[in-house]
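One structure below.
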Amino acid sequence: MSQKKILIVDDEAPIREMLAVALEMADFDYLEAANAQEAHSLIVDHQPDLILLDWMMPGTSGVELSRRLKREPTTAEIPIMMLTARSEEDNKIQGLEAGADDYITKPFSPRELVARIKAVLRRSTPAGVEDPVEVNGLRLDPISHRVTSHGQPLEVGPTEFRLLQFFMTHQERAYTRSQLLDQVWGGNVYVEERTVDVHIRRLRKALGSEHDVLIQTVRGTGYRFSTQI
């Protein structure tokens with residue numbers, strides 16, 4: 001579970017600080033937002049693995065933000081844990097109906113929070129996502145974040161790593177540049193489609209002459225990962 005990225009969304013700075021300390025001690029990365037607008041921007045840009053979302057915030061409430069995120073295809077799969085001082089049963093139901101994956105009532109202990117986060121992440125991680133994948137001697141290990149060719153390490157940048165992981169787990173299908181932006185960059189609207197071409201070139205160079213042929217240009221469409229010539 002280490003190095004999962006958690007977004008803390010709460011308008012109270014002391015609560016954000018307390019949550020940040022608990023997450024850091026549990027070896028999570030974290031981001032912070034004080035309102036729904038700031039949170040949505042961070043979610044689009046960084047695609048966190050889980051969102052800790054306060055129920056009551058000025059302006060757009062946590063429940064409203066949760067509903068919005070679950071309606072958008074690029075954010076619908078991100079698990080949400082609602083944080084609230086409300087303890088009534090109907091409010092818990094309302095939060096879950098808005099798309100929350102879990103619900104924790106303030107005050108809570110940091111240990112309980114971390115345990116609940118890990119449980120939600122286990123439930124929301126599709127089977128096989130963290131398993132190594134190997135094709136023709138090219139091996140990618142998501143846990144150790146290493147790429148090797150016949151056991152020899154390859155120098156692959158973080159964006160190229162995500163791109164390669166997506167390709168290796170979605171073989172024999174052509175993807176447009178727009179689809180690759182959504183899947184690998186998280187739908188970041190500020191990234192131009194030609195950026196994909198730049199990272200494809202970098203990835204091919206990193207893979208070397210034996211494996212660069214696996215990433216094929218599909219004229220008029222985009223790219224695919226294939227062992228077939």
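The values are calculated or read from the model by the stated rules, or taken from the named source; none is laboratory data. Worth saying up front: this structure is predicted, and the values here are computed from it rather than measured. Because the Cβ atoms are built from the backbone with ideal geometry, glycine has one as well, and the counts that use them run over all protein chains shown. Surface areas here come from the heavy atoms of the whole protein model, side chains and all, with no ligands, DNA or RNA. Shrake-Rupley method; radii C 1.70, N 1.55, O 1.52, S 1.80 Å.
Shape analysis of the stretch 99-229 based on the Cα gyration tensor places the equivalent ellipsoid semi-axes at 33, 19, 13 Å, largest first. Relative to the Cα centre, the charge distribution of the stretch 132-220, modelled as +1 at Lys and Arg Cβ and -1 at Asp and Glu Cβ, gives a dipole magnitude of about 120 debye.
Projecting the Cα atoms of 223, 107, 196 onto the charge dipole of the chain (Cβ charges, centred on the Cα centre) puts 223 farthest toward the positive pole. In the chain, the longest principal axis of the Cα atoms and the axis of helix 36-46 are about 20 degrees apart.
Quick one: if the Förster radius is 45 Å, what FRET efficiency do residue 109 and residue 193 give, using the C-beta to C-beta distance and rounding to 0.05? Walk me through the intermediate numbers first.
Values: r = 47 Å, r/R0 = 1.04.
The pair residue 109/residue 193 has a calculated efficiency of 0.45.
Between the Cα long axis of helix 110-124 and the first principal axis of the chain there is an angle of about 40°, rounded to the nearest 10. Ordering 96, 153, 31 by the projection of their Cα atoms onto the charge dipole of the chain, which places +1 on the Cβ of Lys and Arg and -1 on the Cβ of Asp and Glu, puts 153 at the extreme positive end. Here r is the Cβ-Cβ distance between residue 38 and residue 228 and R0 is 35 Å; the resulting FRET efficiency, rounded to 0.05, is 0.15. Decide, for the stretch 116-182, between rounded, prolate and oblate: order the square roots of the alpha carbon gyration tensor eigenvalues as a ≥ b ≥ c, take rounded if a/c falls under 1.5, and otherwise choose prolate if a/b is larger than b/c, else oblate. Because a/c hits 1.5 or more and a/b fails to exceed b/c, the stretch 116-182 counts as oblate. The modelled label-to-label distance between residue 145 and residue 15, using points 7 Å beyond Cα along the C-beta direction, is 3.0 nm. Legend: calculated FRET efficiency, residue 24 to residue 218, from the Cβ-Cβ distance at R0 = 45 Å, rounded to 0.05, equals 0.55. Rounded to the nearest 20, the size of the Cβ-charge dipole of the stretch 169-229 about its Cα centre is 120 debye, with Lys and Arg at +1 and Asp and Glu at -1.
In the chain, once you exclude exposed GluC sites (Glu not before Pro) (DSSP loop, at most 13 other Cβ within 10 angstrom), what's the longest stretch remaining?
On the way: sites that count: 12, 77, 88, 130, 155, 172, 192, 193.
Here the longest segment lacking exposed loop sites spans 13-76.
With the simple model of a label 7 Å out from the Cα in the direction of the Cβ, residue 171 to residue 134 spans 1.3 nm.
Any idea of the accessible area per residue across the chain, 1.4 Å probe, to the nearest Å²? Numbers along the way, then the final one.
Numbers: 12210 Å² over 229 residues.
With the other protein chains kept in place, the chain gives 53 Å² per residue.
Quick one: angle between helix 62-71 and the longest Cα principal axis of the chain, in degrees between 0 and 90, rounded to 10, please. Around 30 degrees separate the two axes. Here is the tail figure for the stretch 1-125: Cα pairs spaced more than 19 Å apart come to 40 percent of all pairs. Judged by the gyration tensor of its Cα atoms, with axes a ≥ b ≥ c, the stretch 45-119 is oblate; a/c meets the 1.5 cut and b/c is at least as large as a/b. Here the stretch 1-95 has 48 percent of its accessible surface on carbon and sulfur atoms, given a 1.4 Å probe and all protein chains in place.
Can you give the Rg/Rh ratio of the chain, where Rg is from the C-alpha atoms and Rh is the Kirkwood radius? Numbers along the way, then the final one.
Working: Rg = 19.8 Å, Rh = 19.2 Å.
With Rh from the inverse mean 1/r over Cα pairs, Rg/Rh is 1.03.
Think of each Lys and Arg Cβ as +1 and each Asp and Glu Cβ as -1; about the Cα centre, that makes the dipole of the chain roughly 740 debye.
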